[in-house]
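One structure is given here, and the rest of the page talks about it.
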Amino acid sequence: MAADGEGNLPAYVCACGEEHPPTLTRWRCDCGGLLGLAPGVAAPAVRDKTTSLWQYQVGIAGGGILPWPVISLGEGGTPLVRDHEPSGADVRLKLEFVSPTGSFKDRGAVVVVALALAVGARRVVADSSGNAGTAVAAYAARAGLDAEILVPVATSPKKLAQIRGHGATVTTVSGGREETAAAAIARVEAGDAFYASHVYNPYFYEGTKTYALEAVDQLDGDHHPTFVVPAGNGTLVLGVHRACVELLAADRIPALPRIVAVQSEQCAPLATPDRATGPTIAEGIAIATPPRRDDMLRAIDETGGAVVTVAEAEITQAQATLARQGLWVEPTGAVAYAATTRLVRTGSPLVAASTPIVPLCGTGLKSS
Ligand SMILES: Cc1ncc(COP(=O)(O)O)c(C=O)c1O
Ligand SMILES: [Zn+2]
């Protein structure tokens, strides 16, 4: 990925062939298409005292040109620990809930807010089921930017308190994630706020890809990972895929690790697109029509992975099992673990002869 956009920031690319330098108001292509970034280079971690995700700074957004040092909260660098359940498999848990705002969304938010600063934003707008909004609110506060975060009316009260605590304006929208996104886009189109979207802004994936870069470095070289990840809008699915493609191109891994995307049975647009959706306790992945659905399916297919769904009872059970080994996560943070334990128990080839890496992606402290 060449740093050839305006101000040496990597340009957005669209499937139509157009390229656009990142600017304050650009959030999609003139053709209406979603913006992406050309593949980057998986640079090895720097060997200094950096323990945050910025140890991979050379490979993030073209390397070294975002003003992240002024806003970093030490995000990333999360522990990878063994699952203590006697499943018979070598399952590893990556403790994303120890992130500064309590979820893995900090990885993407720090990059997107640094981009907002770089393009001269004074104000950011984001829509979220809660965690991305709290992450954007926190980094916007750190950056001295005003923030408005739009959330569905049913969002957990503790997440709303956290967003407000960071000084952002919370706007609740009646309806679900789709209505909330539409309201945010209307706001962005009507003014000059930067759209700090984890769905539309591909710089977000430059942050989430560090999840997989870290995990691969934390495993011994003779372990072949399978990445089991929750899938709502797909920031982990697509970030992990991006990391793995870069690592393979750099000969740092022998093959693309499988990506197993996990959804709630109640809301599974990747697995059962024609089924009506219902309510789920996994609020973070209650996304009925993810804009990057096709990208996610392509990424999963390319790795020989699959989409797996879990029942509400399995999510609750997984949350309790994790709690009994000292790990307190929100329901969405237990979804990938719920799927992994079933895949291991049933001897699924998806996790055979590999080390399943499971993100515990959101803290239980802010769920009801
Ligand atoms: C804790 C948690 N896990 C997983 C997800 C799903 O992430 P994505 O929508 O990027 O797929 C979210 C999204 O908000 C979340 O809050
Ligand atoms: Zn286009």
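The values are calculated or read from the model by the stated rules, or taken from the named source; none is laboratory data. Only a predicted model underlies this, so the values are computations on that prediction, with no experimental measurement involved. Every residue, glycine as well, gets a Cβ built from its backbone with ideal geometry; the counts of neighbours run over all protein chains shown. The accessibility values were calculated without ligands, DNA or RNA, using every heavy atom of the protein model including side chains. Shrake-Rupley method; radii C 1.70, N 1.55, O 1.52, S 1.80 Å.
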When the charge dipole of the chain is computed with +1 on Lys and Arg Cβ and -1 on Asp and Glu Cβ about the Cα centre, the Cα farthest towards its positive end, among P86, T208, A353, belongs to P86
Along the stretch 221-236, what does the Karplus equation 6.51 cos²θ - 1.76 cosθ + 1.60 (θ = phi - 60°) give for ³J(HN,Hα), rounded to whole Hz, x for Gly and Pro?
x, 8, 9, 9, x, 10, 8, 9, 9, x, 10, x, 7, x, 5, 7
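Loop only per DSSP, at most 15 neighbouring Cβ atoms within 10 Å: give me the trypsin sites (Lys or Arg not before Pro) in the stretch 311-357, ordered by residue number.
Sparse-neighbourhood loop trypsin sites (Lys or Arg not before Pro): R324.
By how many nm would the segment from N8 to W328 grow when fully extended, if each residue of separation counts as 0.36 nm and the alpha-carbon distance is taken off?
Details: separation 320, 0.36 × 320 = 115.20 nm, distance 4.16 nm.
Stretched out fully, the N8 to W328 stretch lengthens by 111.0 nm.
So if I place +1 on the C-beta of Lys and Arg and -1 on the C-beta of Asp and Glu, and nothing else carries charge, what would the dipole magnitude of the stretch 20-142 be about its Cα centre? I want it in debye, nearest 20. Intermediate values should be presented prior to the final figure.
Numbers: 12 positive and 9 negative charges, 73 e Å.
Rounded to the nearest 20 debye, it is 360 debye.
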List the residues whose amide H sits under 5 Å from the amide H of V358, counting only those 5 or more places along or on another chain, with H placed 1.01 Å from N in the peptide plane.
R92, L93, K94
Among bridges DSSP assigns within the chain, what percent are antiparallel (round to 5)?
25
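Might you report the magnitude of the Cβ-based charge dipole of the chain about its Cα centre, with Lys and Arg at +1 and Asp and Glu at -1, to the nearest 20 debye?
On the way: 29 positive and 36 negative charges, 152 e Å.
For the chain, the charge dipole is close to 740 debye.
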Among A109, A255, A141, residue whose mean-square fluctuation peaks in a GNM of the chain (springs only between Cα atoms under 10 Å):
A255
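Sorted from largest to smallest, which semi-axis lengths in Å does the alpha carbon gyration tensor of the stretch 126-237 give for its equivalent ellipsoid, taking the root of 5 times each eigenvalue? Intermediate values should be presented prior to the final figure.
On the way: eigenvalues 168, 46, 39 Å².
After diagonalising the Cα gyration tensor, the semi-axes are 29, 15, 14 Å.
Using a probe of 1.4 angstrom, how much of the accessible area of the chain is carbon and sulfur, in percent?
On the way: 7200 of 13990 Å².
So the carbon and sulfur contribution to the accessible surface is 51 percent.
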Could you check the spin-label model distance between A161 and A255? Points 7 Å from the Cα along Cα→Cβ, value in nm.
4.9
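Calculate, for the chain, the solvent-accessible area per residue in square angstrom, rolling a 1.4 angstrom probe over the heavy atoms of the protein chains. Spell out each step's value before the answer.
Numbers: 13990 Å² over 368 residues.
Each residue of the chain exposes 38 Å² on average to a 1.4 Å probe.
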Sum of -39500 (n - 2.57) over DSSP H runs of 4+, divided by residues of the chain (222 nm, nearest 500)
-10000 deg cm²/dmol
Count neighbours as other Cβ atoms within 10 Å of each site's Cβ, and list the trypsin sites (Lys or Arg not before Pro) in the stretch 1-93 that are DSSP loop with at most 15 such neighbours.
R47, K49
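Please label the shape of the stretch 185-322 as rounded, prolate or oblate, based on the square roots a ≥ b ≥ c of the eigenvalues of the alpha-carbon gyration tensor (a/c under 1.5 means rounded; beyond that, a/b larger than b/c means prolate, else oblate).
Numbers: a/c = 1.86, a/b = 1.16, b/c = 1.60.
In terms of gyration-tensor shape, oblate.
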